[in-house]
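The values are calculated or read from the model by the stated rules, or taken from the named source; none is laboratory data. These numbers were taken from a predicted model, which means no experiment stands behind them. All Cβ positions, even for glycine, are placed from backbone atoms using ideal geometry, and neighbour counts span all protein chains on display.
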């Protein structure tokens, strides 16, 4: 038996394990909701707006379909940064693509109009915790996920956001903007303070999940290119 060959065999890195776990989670989620996704697949593949981009199933399907493209964009950004000598090129690139690809579809869903957009005045619910009962478990989980990607990736990309109070403020501020847009645009949706609270909590929990990465990033300016060695002679 060649002990040297076994010792020199490459071990799976932590990044590979995390990517594998993320792929498994996404595959499991897609399998769980495969039936409603397949119902919207013909409409989306035909390129029709109505029935695809204005439905929950269609938006989720297109988010999953464009996931390989998002990975390709992250790879291209990382390769360009590594060529320029930027440290943590993969982390930075994944954070940029992840917070966009994981946030835009949820914001799109929250800005979808109701049954009578423009025909009914905007409605607000400003009593905290009153709407949580109406949301139900599915609604609460959905609201937790709206800015979860932003809370997870933003402190990894921007050192200025690498603190829990700032992540909470970021989630709350973005949620206030969305709820204000629902009210101003008269989308026949209720602008609720509970949505803001749950959205901000989701961003905070996601930030806690990525803390081990953004805490190390906050202490080191890894975005700066490495200095080129001075020419000899």
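Of the numbered conditions (1) buried (at least 18 other Cβ atoms within 10 Å of the Cβ); (2) within 30 Å of residue 212 (Cβ to Cβ), residue 166 satisfies every one except a single condition; which is it? Of everything listed in (1) buried (at least 18 other Cβ atoms within 10 Å of the Cβ); (2) within 30 Å of residue 212 (Cβ to Cβ), residue 166 misses just condition (1). Could you please find all residues in segment 58-76 being under 15 Å from residue 108 (Cα atoms) and free of Cβ contacts under 8 Å to residues at least 24 places away in the same chain? 58, the sole residue that qualifies.
Could you look through segment 149-163, keep only residues that are farther than 10 Å from residue 207 by Cβ and either touching a strand residue (DSSP E or B) at 6+ places or on another chain (Cβ under 8 Å) or touching a residue at least 60 places away in the same chain (Cβ under 8 Å) (or both), and pick out the one that is surrounded by the most Cβ atoms within 10 Å (Cβ to Cβ)?
The qualifying residue surrounded by the most Cβ atoms within 10 Å (Cβ to Cβ) is 157.
The residues of segment 169-187 that are crowded, with 19+ Cβ neighbours inside 10 Å and over 19 Å from the mean Cα position of the chain (by Cα), listed by number, are 182, 187.
The set of residues in segment 182-217 that are closer than 19 Å to residue 129 by Cα, in contact (Cβ under 8 Å) with a residue 40 or more places away in the chain and part of a helix (DSSP H, G or I) comprises 193, 194, 195, 197, 198, 199, 200, 201, 202, 203, 204, 205. In the set (1) closer than 23 Å to residue 115 by Cβ; (2) in contact (Cβ under 8 Å) with a residue 60 or more places away in the chain, the condition left unmet by residue 179 is number (2).
Answer with yes or no whether residue 113 is loosely packed, with under 14 Cβ neighbours inside 10 Å, modelled with pLDDT under 95 and under 29 Å from residue 186 (Cβ atoms). Working first, answer last.
Values: loosely packed, with under 14 Cβ neighbours inside 10 Å: no; modelled with pLDDT under 95: yes; under 29 Å from residue 186 (Cβ atoms): yes.
Criteria not met by residue 113.
For residue 144, indicate whether it is at pLDDT 95 or above, under 17 Å from residue 200 (Cβ atoms) and surrounded by fewer than 14 Cβ atoms within 10 Å (Cβ to Cβ). So residue 144 does not fit the description; no.
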